[in-house]
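Right, one structure below, let's go through it.
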Amino acid sequence: MANNIRKIILADCQKQELIVDFSEGFDGLEINVGKGANLALNLINFGESRNGKIVVKVEENAELFATMADFSNGNSRLDVAINLVGSNARGTWRLSTLASNQDDKKYAVHFHHLAQSTYGLMDNYGVARNSSRLAFSGANEIARGAKKSKTKQNAKIIVFDEGAVAKADPRLNIDENEVEASHAAVVGKLSDDHLFYLMSRGLNLNQAKKLITYGYLLPIANYFHDEAMKEKIAKIIEERV
Amino acid sequence: MDVLKIVDLHVNVEDKEILKGVSLTARSGETVALLGPNGHGKSTLLQAIMGNPRYRITSGQILLNDQDVLTMSVDERSKAGLFLGMQYPSEVSGVVNADFLRASINARRAKPLSLFQFYRLLDSTYKKMGIPFEMANRSLNVGFSGGEKKRNEILQMILLEPRFALLDEIDSGLDIDAMTIVASAIREEQEKGRGFLVVSHYARLYNMINLNRTIVMVNGKIAVEGGPEIIQKIDTKGYEWIKTELGIDIEKEEPAMSAVSIGVCATKEAIRDGK
């Protein structure tokens, strides 16, 4: 565990797994993934929500695999910029978050493809409960010259209660021809059909909602490498939903 | 003896009346075949019995052993012994089959099954239904073929031990082998004295299970009631004879409204049903 990390520099060809816990405080992260290096970054926050900025530079043939489980309480704005600066650089960002009570949480994730054959994947999943507000804005940019790059972004938010407000704003800015880019965003309440199906098997409304929400947030745990952390995530989701 | 009694049931979907006064009594140990042209109320009847909120009861009664089913929530109906095998079972991603089944079984038990008991029961039921056990750890119906979904419905029926099973086109999407498995599972449950209401368009499934009565629904009402000979007649002649022999005009199904998509890849907010 490492708290208050300001700067992570991964030398060329190194392979590293790292957990950063925001709960104790967070001022921002600057990460450099050197040529051919591989960083698995697990971000967690089960405490108080924190504002912050994460800037990552991924060099040639390097890979960033970032996963964030944010089950914190309160208001926050997190800005993430992933710059794929070298050819064949790869970046993945996965987020699972829960906004409850009066929480106001904003996430802005930005992928910047600056070299040839780069790959970017953004997956933002969230649940907005009570009278919380949850907003995802995603931008994937492919710069001129970043030929053969692929970029994808998905945003999905379940609006759990009537009073909650959610917004997903996906954008693609493409300045090159030979590329693949896609985005999808869905914001909606729990499906009545799903609820009816589960209830028709004897689960009450609350159990059905809980089971669906749990199943929606939990898959993030699969991307954590630490077994104890996986269990902790499962436990905290079960407590919160 | 368990009795499911439906009295002069009227049901609306959105603002259209689909069921226009249906009365029907089903008893434990008895299987009723329910036929009729598309859009004439078969599924509506089953969904209304189970309590799907899309189907609004405007008048009439549904009684299970003299208890008022209409005042029960959907889960209470399930716990009271009603089961609906759906025509289009939902795909619920993230909800693991085994977790869902365990929660469903335990919902109706005073003392929950131990993990060991549960897995033994699950294993034997998966075998019976010819479903690979690995599917227990997959998301509910996600990526299942049509036939796998239907087998998964019957699997749930076996595990939940209902008094009355309402099966809505459970044979659609099944190949011959799967049909044999499903039919033999139904026969086994019939022998346990459960009551069945079985909707199908085809004689094949009906020929493979035991039947007591046949009911044909036309225009939201019961048009004909009789024995298995009616099924053979429909299988060979269709429904036109109802018009010529009984003088009932069969209302044509209105074409379904096509789904409206709201934007293609821009922000989609508050899309109904979260799809």
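Computed quantities for the displayed model
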{"item": "Wholly enclosed strands (runs of 3 or more DSSP E) of segment B:173-244 bearing at least 3 residues within 25 Å of residue B:144 (Cβ to Cβ)", "result": "B:195-199"}
{"item": "Members of segment A:22-52 that are among the hydroxyl-bearing types (Ser, Thr, Tyr) and buried (at least 17 other Cβ atoms within 10 Å of the Cβ)", "result": "A:49"}
{"item": "Elements of type strands (runs of 3 or more DSSP E) in segment A:127-180, at least 2 residues being at the interface with another protein chain (Cβ under 10 Å from one of its Cβ atoms), under 20 Å from residue A:93 (Cβ atoms) and of a type outside the set (Phe, Trp, Tyr)", "result": "A:150-159, A:165-174"}
{"item": "Hits in segment B:15-29 (condition: in contact (Cβ under 8 Å) with a residue 12 or more places away in the chain, out of contact with any Ser or Thr (no Cβ under 9 Å at 6 or more places or on another chain) and not aliphatic (A, V, I, L, M))", "result": "B:20, B:23, B:25, B:27, B:28, B:29"}
{"item": "Pair list, Cβ under 8 Å, 6 or more apart: segment A:20-49 residue modelled with pLDDT of 90 or more, other residue buried (at least 18 other Cβ atoms within 10 Å of the Cβ) and of a type in the set (Lys, Arg)", "result": "A:31/A:57; A:32/A:57; A:33/A:57; A:49/A:105"}
{"item": "Cβ pairs under 7 Å, 6+ apart, first in segment B:129-145 and more than 17 Å from residue B:170 (Cα to Cα) and at pLDDT 95 or above, second of a type in the set (S, T, N, Q) and assigned to a loop (DSSP other than H, G, I, E, B)", "result": "none"}
{"item": "Residue within segment B:107-127 that is of a type outside the set (Gly, Ala, Ser), under 21 Å from the mean Cα position of the chain (by Cα) and not in a helix (DSSP H, G or I) present", "result": "yes"}
{"item": "Considering residues of segment A:181-193 that are of a type outside the set (A, V, I, L, M, F, W, C) and farther than 30 Å from residue A:239 by Cβ only, the residue farthest from the other protein chains (Cβ to nearest Cβ)", "result": "A:182"}
{"item": "Residues within segment B:133-172 that are more than 16 Å from the chain's Cα centre (by Cα), of a type in the set (Gly, Ala, Ser) and part of a loop (DSSP other than H, G, I, E, B), tallied", "result": "2"}
{"item": "Members of segment A:194-219 found to be surrounded by fewer than 19 Cβ atoms within 10 Å (Cβ to Cβ) and either among the acidic types (Asp, Glu) or more than 7 Å from chain B (Cβ to nearest Cβ) (or both), listed by number", "result": "A:205, A:206, A:210"}
{"item": "In segment B:91-101, the residues that are at the interface with chain A (Cβ under 8 Å from one of its Cβ atoms) and among the small types (Gly, Ala, Ser)", "result": "B:93, B:94"}
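The values are calculated or read from the model by the stated rules, or taken from the named source; none is laboratory data. It should be emphasised that the depicted structure is a prediction, and the values quoted were computed from it without experimental measurement. No Cβ is skipped: glycine too gets one built from the backbone with ideal geometry, and neighbour counts run over all protein chains shown.
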